[in-house]
Number of protein chains: 2
Amino acid sequence: MTQRKVISFETIRVACKNCTLSQLCLPMGMSPEDVDRLDSIVKRSRPLHRGDHLFRSGERFRSLYVVKTGSVKTYTPSEEGGEQVLGFHLPGEIIGLDAIDQDTHACSAKVLETSAICEVPFQRFEELAASIPSLQHSMYRLLSKEIGHDAEMLLLLGKKNAEERLAAFLVSMSQRLSKRGLSPTDFYLSMSRHEIGNYLGLAVETVSRLFTRFQDEGLVKVDRKHVEILDLPTIEHLAGAAQAATSRKHSN
Amino acid sequence: MTQRKVISFETIRVACKNCTLSQLCLPMGMSPEDVDRLDSIVKRSRPLHRGDHLFRSGERFRSLYVVKTGSVKTYTPSEEGGEQVLGFHLPGEIIGLDAIDQDTHACSAKVLETSAICEVPFQRFEELAASIPSLQHSMYRLLSKEIGHDAEMLLLLGKKNAEERLAAFLVSMSQRLSKRGLSPTDFYLSMSRHEIGNYLGLAVETVSRLFTRFQDEGLVKVDRKHVEILDLPTIEHLAGAAQAATSRKHSN
DNA sequence: AATCGCCCTTGATGCGTGTCAACCTGGGTT
DNA sequence: AACCCAGGTTGACACGCATCAAGGGCGATT
């Protein structure tokens, strides 16, 4: 059983137009009337708790999900408990885009901490997008952005070493959190070391050692899930050094 | 200079409706009239040759490209000649989807062999898609499929060993070629060992050794770029074994 | 037909990181 | 307060694959 903290807020009814994430989320650059139309199809459920699933691999695809608060991980489960973590999703990020093609979820989505999630029924959304050019364009851009992000991960997994991977992970967290108005240098990781390692293609032990090393080198201060970034420029340099390092290894 | 074989076919004017790839390409499930409308915005240039670029990283995004015949590789160039190969694209596959978001190409696309390419100006395409629901849906599916494919690659690069990667590569080529009506067990690789290695996150030498080993084990017959697959089931098994193998390594 | 150069192959060696094992720590339970 | 246990850390070791180095073969050019 997970800790059901007594969070006494009821079903959260923040409309898209009042949502602080509207610049990150679907309604980018839409007129107020169109935002209302979008708002009318979005479902908002009670907050979900650690371990709850938005959907599971194999289920029929019906809706996209947008993280409003909290965090979610997506992963492809394989037989007997093994899994491949595909990503961690922060507020404003959209989940389920990969399921449109097959009309079936190929991955599962599990909530990492108490989170508020918007559900967007895809069929109604698609109809709406057809009549709102800017929404349609937003959707294309979102899908495209996801592809671009995946390409970065391909590079990370294909060419970067362990140190570069963890540095890139920290930089990514920092950037995404700061876009959401949170501190870029002081944050809590809602996922376990194991999940980080799985995501980055590293063993847990390697992740742990790297956190220790980064701390010894004065780059970060780590206390369990609490991370303070002390020297972001150096970490960014470590993360980006891959281009130079790899171009030597894998040059033509 | 590349070998400009005297291929004496002029500008190829095969309309979408006559194209053998229409089941793989954009016009999936569209009415004949709508296919004509799509056809009217598609540009078809003279065949391109090995080494030609469809676009380069940093250029303004204007069009999507569809491979009609031949093959194309996409890659992110880094300073001084190094590169990360993102993918190899066969007939019916669409290139440039990652550029929609930023409105700028983040990767370059280079033709691997004499190829015919359709160019689809994106702005006009987007307008058209807004008025043809099935085309819009096709586009969502295509973008979504790309995301799903990238997720597979993430798993490959994150969790599979060298043998599993090359096996997966061969299986992928086999499947994609057979969908296009070509032999699933006998084909030519238009890319170099170096490019395969770069794509799979392996050194050239490792790729070479694996080809030799697969041949010694009777799984394939390799002669330079010509590959004959002798034991597809075993190769598929090697490629898929990752789920079982990795779930042990990276289990929760 | 001889030469050049690129791509590929093959062998020897070393490093990075996975694996195995033990221990530590903090949070939750009884 | 003592216990338990999952998650995390640390150390020792092994192995897969990158790296370095050398040689071979085919295609292109002359």
**Q.** Dipole magnitude (debye, nearest 20) for the stretch A:16-155, charges at Cβ of Lys, Arg, Asp, Glu
**A.** 500 debye
Q: Answer rounded, prolate or oblate for the stretch B:13-150, using the Cα gyration tensor with square roots of eigenvalues a ≥ b ≥ c: rounded when a/c is under 1.5, else prolate when a/b is larger than b/c, else oblate.
A: prolate
**Q.** Overall form of the stretch A:140-194 per C-alpha gyration tensor (a/c, 1.5; a/b vs b/c)
**A.** oblate
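Check each of the trypsin sites (Lys or Arg not before Pro) in the stretch A:187-246 and keep only those in coil by DSSP with at most 15 other C-beta atoms within 10 angstrom; list them in order.
Numbers: sites: A:ARG193, A:ARG209, A:ARG213, A:LYS221, A:ARG224, A:LYS225; in loops: A:ARG224, A:LYS225.
Counting only loop positions with at most 15 other Cβ atoms within 10 Å, the trypsin sites (Lys or Arg not before Pro) in the stretch A:187-246 are A:ARG224, A:LYS225.
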**Q.** Cα-based convex hull volume of the protein assembly as shown per residue, rounded to whole Å³
**A.** 155 Å³
Q: Using the Karplus curve 6.51 cos²θ - 1.76 cosθ + 1.60 with θ = phi - 60°, work out ³J(HN,Hα) for each residue of the stretch B:49-57 in order, rounded to whole Hz, and write x for Gly and Pro.
A: 10, 3, x, 5, 9, 6, 6, 10, 3
Q: Tabulate in residue order the Karplus-calculated ³J(HN,Hα) for the stretch A:207-215, using 6.51 cos²θ - 1.76 cosθ + 1.60 with θ = phi - 60°, rounded to whole Hz; enter x for Gly and Pro.
A: 4, 4, 4, 5, 4, 4, 5, 4, 5
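For the stretch B:107-168, what is one quarter of the convex hull surface built on the Cα atoms, given in nm²? Write down the numbers at each step before the final one.
Values: hull surface 25.7 nm².
Average of the hull's projected areas for the stretch B:107-168 equals 6.4 nm².
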Q.
For a test of the definition: using alpha carbon positions, the gyration tensor, and the 1.5 limit on a/c, classify chain A as rounded, prolate or oblate.
A. prolate
**Q.** Amide H contacts of A:LEU64 (H built 1.01 Å from N, under 5 Å, at least 5 apart or other chain)
**A.** A:VAL120, A:PHE122
Q. Taking only Cα atoms, what is the 0 to 90° angle, nearest 10, from helix A:122-131's long axis to the longest principal axis of chain A?
A. 70 degrees
Q: Quantify how strongly other chains surround peptide B:122-133 by giving the mean number of their Cβ atoms within 10 Å of each of its Cβ atoms.
A: 2
Q | Distant-in-sequence amide H partners of B:SER108 (H built 1.01 Å from N, under 5 Å) | A | B:SER57, B:TYR75, B:THR76
Q: Report the Stokes-Einstein translational diffusion coefficient (µm² s⁻¹, integer) for the stretch B:160-249, Rh taken as the Kirkwood radius over Cα pairs, at 25 °C with viscosity 0.890 mPa s.
A: 186 µm²/s
Q) So who's got an amide H within less than 5 Å of the one on B:SER71, skipping anything under 5 residues away but keeping other chains? H placed 1.01 Å off N, in plane. A) B:LEU112, B:GLU113
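Report the longest stretch of chain A that contains none of the GluC sites (Glu not before Pro) sitting in a DSSP loop with at most 10 other Cβ atoms within 10 Å.
Between exposed loop sites, the widest span is A:81-252.
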Q) Do the sum for chain A: with -39,500 (n - 2.57) for every DSSP H run of n ≥ 4, divided by all residues, what is the mean residue ellipticity at 222 nm, to the nearest 500 deg cm²/dmol? A) -13500 deg cm²/dmol
Q) Counting only other chains, what is the mean number of Cβ atoms within 10 angstrom of the Cβ of each residue in peptide A:91-104? A) 3
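Since every read-out is calculated from the coordinates, none of them should be taken as a lab result. Note that this is a predicted model, so its numbers are computed, not measured. Here Cβ is always computed from backbone atoms with ideal geometry, including for glycine, and neighbour counts include all displayed protein chains.
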